[in-house]
Each structure stands twice: as structure tokens, then as C-alpha cells.
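The values are calculated or read from the model by the stated rules, or taken from the named source; none is laboratory data. What you see is a predicted model, and the numbers here were worked out from it, not measured in a lab. A quick note on method: Cβ atoms are made from the backbone with ideal geometry, for glycine too, and the neighbour counts reach across all protein chains shown. We work out accessible area using only protein heavy atoms, side chains counted, and drop any ligands, DNA or RNA first. Shrake-Rupley method; radii C 1.70, N 1.55, O 1.52, S 1.80 Å.
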Amino acid sequence: MSLITTRTAGVFVIAVTPFAEDGALDRASLDRVTDFYFEKGADGLTILGMMGEAPKLTMAESREVAAATIRRAGGKPVVVGVSAPGLAAIGELSKAVMDLGAAGVMVAPPMGLATNEQVESYFAQVVEVLGPDVPLVLQDFPLSTKVPISTGSLGRILEAHDSIVMVKHEDWPGLAKITALRAAEAAGRRRVSILCGNGGLFLPEEMRRGADGAMTGFGFPEMMRDIVRLSQAGDWDRAADVFEAYMPLVRYEQQPGVGLAVRKYVLTKRGAIASAAQRRPGAALPPAAVAEVECMLARQEAKLAALVAPA
């Protein structure tokens, strides 16, 4: 399996972790959803992310999910989220998944880092633990981690550590950060790949600012595939048309505490996983929310049909 690099681009879907109704890992659905993501246009996968319920897994389960996904991916790149409160756990899981054939690992800063100096020191320690040969994705997601990383601090981290080959950009508002990163590269700083999260909520604008693609989840990965490819081709209007067809569901999925339930409901409806169950704590969608999602899905289908219909 090839490793991610500073030129990696496209769509890396943040994969869900399928569970049975009793909370056990659903191994058959794990294979099926992996196939589903690639069939819908993913260039790679990122597993054990925040929306993959990674904190609810044991270390042994994390290794099992990684091994099964990497095996099923058949040589296509799989990035593994290894964030943990302690560096020992990060180092242990990173070594295990890289030995299994992962394309790289992703780390977000832990809660509690309050200054730029603390953030910079933290990532220096992460790189020391991983070693210089493990490709690292720096996840910049302050809405979840509560750790803001200034543009200047992020730049110093990238300058200091060549093994950080990608930024998973999820700052919000954060479009100016993409512009600043690309401007610094134009002025001579080394290039890094920028893949964006937040459920694709700002993907058309992020592509215009210079992002290389998306690294996020959504019940319709083909939305991200189409927007990224249309943007790469310079067809901005068509990319906006595609986004607008999916936008109500994208927005609905961004509700804190509800988004994963929405995503798993849609994936179950599409046959990618057998059950929308989350491992506890986690709740299914209530009937009113199901009705709202069903309405959005019907309207989305009609809008997409109109996009492809002959003039």
C-alpha cells in the first residue's frame, strides 16, 4: 500500500464503524461499507476518526478494524486515526497499523492545550514517538478538540516536521487559514496536502481556496467525489449545483449529537451497513427526525434527477 504524501489529493471518506444492535462489531458490514465507499468514488479511507466512534473501541478492536479495512481496501490508501490522551497509546497503535499496511496516521491535539507553545510542543513529541518515517495527518478541528491552532503556530509545526504531510482542515471559520497556508507555500515554505472536513459543509469554497480534496464523512460520498473532481476541472458552477442538491442533508447532519445517527441511518437505508446502531453512549434517530431525513432524501433525489436531465 502506498503512503500518503504532501501531494495526496481527492476524497478520503471518514468511515463509520458498524455495530450490531447489541453493540458488537459487525464484521460483515465493515467489509460491505468499505466496498461501498470505494464504489461511490472514494480515493482512500480514514478510519477510527471521531465519527468512527474510536473512543468506544478497545485497543484490540481498533487493531481488528484497521486490519480488516486495510485488507478489504486491496491496496488503496487507508489512514488510521490514532488520537489518544497519552503518547504511549498513540505510539502503540501507530506501530501496529503501519505494520498492517496503513498509508499514514492522524492525530488531533488533546483537550487542555491552551497556548501555541503547548500545541507546538505536543506535535514535536508526537513526531518523536512515531519516528520520522510515519506519514502524519495533523487534524485541526478546534470545534471538537477545543484547541485552536493559530495560522502562525500551524506554520511553525509544518516547518519543523517534514513527516507531517497533510493537514485535515476543520477550523470553522477557517477559509482564511487555507489561503494563508497556500500563500506561505508560494513564498517558499514546503507544500502540504490539505483535505477538509466538517461534513463537506464548505467544500466548494475550500476547493476554491486551494484545498486538495475532502477528508470527511457523509451518507453520499459521491457528493464529495463530484465536487472535488468538478472543482479540479475548474467547473465551479456545476460543483455548486451538485452541492446545492445535497446541502439540506449536509446541514442537517452537522447538528451536534445527532450527526452520526443521521449518517448511519442513511448508510443503513442505502444498504452499506446492516444496522444504524451506535455503541453506547449513542441514540437512534427519533421518529420526527427520521421523517425529516426522509423528506430531504426525496427532495435531494428530485434535484439530482433534474441536474442530469437533458435540457
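Numbers at a glance
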read-out: Count of residues meeting criterion [surrounded by fewer than 18 Cβ atoms within 10 Å (Cβ to Cβ) and at pLDDT 95 or above] in the range 248-267; value: 3
read-out: Complete set of residues in the range 23-39 that are out of contact with any strand residue (DSSP E or B) (no Cβ under 8 Å at 6 or more places or on another chain) and either within 19 Å of Val137 (Cβ to Cβ) or in contact (Cβ under 8 Å) with a residue 60 or more places away in the chain (or both); value: Gly23, Ala28, Ser29, Arg32, Val33, Phe36
read-out: All positions within the range 183-207 that are touching a helix residue (DSSP H, G or I) at 6+ places or on another chain (Cβ under 7 Å) and assigned to a helix (DSSP H, G or I); value: Ala184, Gly199, Gly200, Leu203, Pro204, Glu205, Glu206, Met207
read-out: Residue in the range 66-91 that is nearest to Lys146 (Cα to Cα), counting only those that are among the charged types (D, E, K, R) and surrounded by 16 or more Cβ atoms within 10 Å (Cβ to Cβ); value: Lys76
read-out: Residues (within 15 Å of the chain's Cα centre (by Cα) and in contact (Cβ under 8 Å) with a residue 60 or more places away in the chain) located in the range 143-176; value: Ser144, Met166, Lys168
read-out: Search result, residues across the range 180-205 that are within 16 Å of Ala160 (Cα to Cα) and basic (Lys, Arg); value: Arg189, Arg190, Arg191
read-out: Residue match in the range 230-245 (condition: over 21 Å from Arg209 (Cα atoms) and either out of contact with any strand residue (DSSP E or B) (no Cβ under 8 Å at 6 or more places or on another chain) or assigned to a helix (DSSP H, G or I) (or both)); value: yes
read-out: Residue pairs meeting the criteria (Cβ under 9 Å; at least 6 apart or on separate chains; first part of a helix (DSSP H, G or I), in the range 113-124; second among the small types (Gly, Ala, Ser) and surrounded by fewer than 16 Cβ atoms within 10 Å (Cβ to Cβ)); value: Asn116/Ser150; Asn116/Gly152; Gln118/Gly112; Val119/Ser150; Glu120/Ala160; Phe123/Ala160; Ala124/Ala160
read-out: Matching residues in the range 140-163 - criterion: being under 21 Å from Ala183 (Cα atoms) and open to solvent by less than 10 Å² (accessible area, probe 1.4 Å); value: Asp140, Ile149, Ser153, Leu154, Gly155, Ile157, Leu158
read-out: Residue check, Ala261 over 19 Å from Phe38 (Cα atoms), assigned to a helix (DSSP H, G or I) and of a type in the set (A, V, I, L, M, F, W, C); value: yes
read-out: Positions within the range 165-179 being buried (at least 16 other Cβ atoms within 10 Å of the Cβ) and either outside any helix (DSSP H, G or I) or hydrophobic (A, V, I, L, M, F, W, C) (or both), in sequence order; value: Val165, Met166, Val167, Lys168, His169, Glu170, Asp171, Gly174, Leu175, Ile178
